[in-house]
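Quick one: this structure, given as structure tokens, is what I'll be asking you about.
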Amino acid sequence: MAIKSLRVLCQVDLPSGTVRLWDGSGGPFVDDAGNIWRACILTEDALSQIEMAINAEAFTLALVLSGIDEQTSNQIWVDYKAGSIKGSRFRIYIQDCDEFDQPVGVPDVKFTGRIDNLIFSDAANASGIQSTVTVEVTNRFTLRTLTNGAVLSDVDQKARAKVLNPTAPLDRFAERVNTLRDKTIRWPNW
């Protein structure tokens, strides 16, 4: 079966349940597993921002989701007000579709990160209230900061890495960055 189109899918694993959104305005989308994906609209620069996050060119993904239905917006708002949304897993999938815009196979996970912040804005118009949520997602390349704004020290970074991945060798990121600070890159390298 030939692939004719792609769909961008966003999945947020909130404490109250999973929210699934797809980039489109045609109503709900049901995948092969029976999951319902609600329609939303991504901004024009969303694809370039997603691409930069996938390629690790950007350490924070700020994705604007508009046109979210009221039920989904309310679910996100309740978790946000409870203070339990920060750190929730956020994934972006790419779903291959056939000539009838039906899913072909399983969607590919292209980006996984953790929610750092949400910004809500609502606008009223003739058709009702239109919700827009800006999701700020950090990935594994984001330097961890303390509550006072300072970046984690080498000792803190090693301890954090040991907790997250106990079987891996010690994290030496902070040591390596300092050794590269005074290096000169010559081009072309003959």
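What are the residue pairs meeting all of these: first residue in region 34-45, first residue closer than 16 Å to Thr134 by Cα, second residue open to solvent by 50 Å² or more (accessible area, probe 1.4 Å) and part of a strand (DSSP E or B), Cβ atoms under 9 Å, and 6 or more apart or on different chains?
Matching pairs, first to second residue: Ala39/Asp23; Cys40/Asp23; Ile41/Asp23; Leu42/Asp23.
Which members of region 87-132 meet the condition of being at pLDDT 85 or above, of a type in the set (D, E, K, R), open to solvent by 50 Å² or more (accessible area, probe 1.4 Å) and in contact with a Phe, Trp or Tyr (Cβ under 9 Å, 6 or more places away or on another chain)?
Within region 87-132, Asp108, Lys110, Arg114 meet the criteria.
Tell me which residues, restricted to region 12-52, are open to solvent by less than 70 Å² (accessible area, probe 1.4 Å) and touching a Gly at 6+ places or on another chain (Cβ under 7 Å).
Hits for region 12-52 are Ala39, Cys40.
Kindly indicate the residue of region 133-158 that is in contact with an Asp or Glu (Cβ under 9 Å, 6 or more places away or on another chain) and modelled with pLDDT under 80 and also surrounded by the most Cβ atoms within 10 Å (Cβ to Cβ) among those meeting that condition.
Gln157
Here is a further query. Looking only at region 57-64, decide whether some residue is farther than 17 Å from Arg114 by Cβ and small (Gly, Ala, Ser).
Of all residues in region 57-64, those farther than 17 Å from Arg114 by Cβ come to 57, 64.
Those still in the list that are small (Gly, Ala, Ser) too: none.
Looking for residues that are farther than 17 Å from Arg114 by Cβ and small (Gly, Ala, Ser), one finds none in region 57-64, hence no.
Somewhere in region 31-49, is a residue assigned to a helix (DSSP H, G or I) and either on the phi > 0 side of the Ramachandran plot or not hydrophobic (A, V, I, L, M, F, W, C) (or both)?
Among the residues of region 31-49, at least one is assigned to a helix (DSSP H, G or I) and either on the phi > 0 side of the Ramachandran plot or not hydrophobic (A, V, I, L, M, F, W, C) (or both), which makes the answer yes.
Of all residues being within 16 Å of the chain's Cα centre (by Cα) and assigned to a loop (DSSP other than H, G, I, E, B) in region 74-86, which is surrounded by the most Cβ atoms within 10 Å (Cβ to Cβ)? Just the residue, please.
Ranking the candidates gives Ile85 first.
Taking the residues in region 66-101 that are touching an Asp or Glu at 6+ places or on another chain (Cβ under 9 Å) and of a type in the set (A, V, I, L, M, F, W, C) as candidates, determine which candidate is nearest to Leu9 (Cα to Cα).
Ile94
Just one of (1) within 20 Å of Phe120 (Cα to Cα); (2) assigned to a loop (DSSP other than H, G, I, E, B); (3) not small (Gly, Ala, Ser) trips up Glu99, so point out which.
Going through the list (1) within 20 Å of Phe120 (Cα to Cα); (2) assigned to a loop (DSSP other than H, G, I, E, B); (3) not small (Gly, Ala, Ser), Glu99 breaks only (1).
When only residues in region 52-73 that are among the hydrophobic types (A, V, I, L, M, F, W, C) and in a loop (DSSP other than H, G, I, E, B) count, which is farthest from Val135 (Cα to Cα)?
Applying the filter and picking the extreme gives Ala56.
Determine the pairs where a residue that is at pLDDT below 90, located within region 13-30, has a partner that is basic (Lys, Arg) and open to solvent by 60 Å² or more (accessible area, probe 1.4 Å) with Cβ atoms under 7 Å apart, the partner being 6 or more residues away or on another chain.
Sorted first by the residue in region 13-30, then by its partner, the pairs are Pro28/Arg38.
The values are calculated or read from the model by the stated rules, or taken from the named source; none is laboratory data. If you're wondering where the values come from, they're calculated on a predicted model, not measured in any experiment. Virtual Cβ from ideal backbone geometry, glycine too; neighbours counted across all protein chains shown. Protein only, heavy atoms only, side chains kept; ligands, DNA and RNA dropped before computing areas. Shrake-Rupley method; radii C 1.70, N 1.55, O 1.52, S 1.80 Å.
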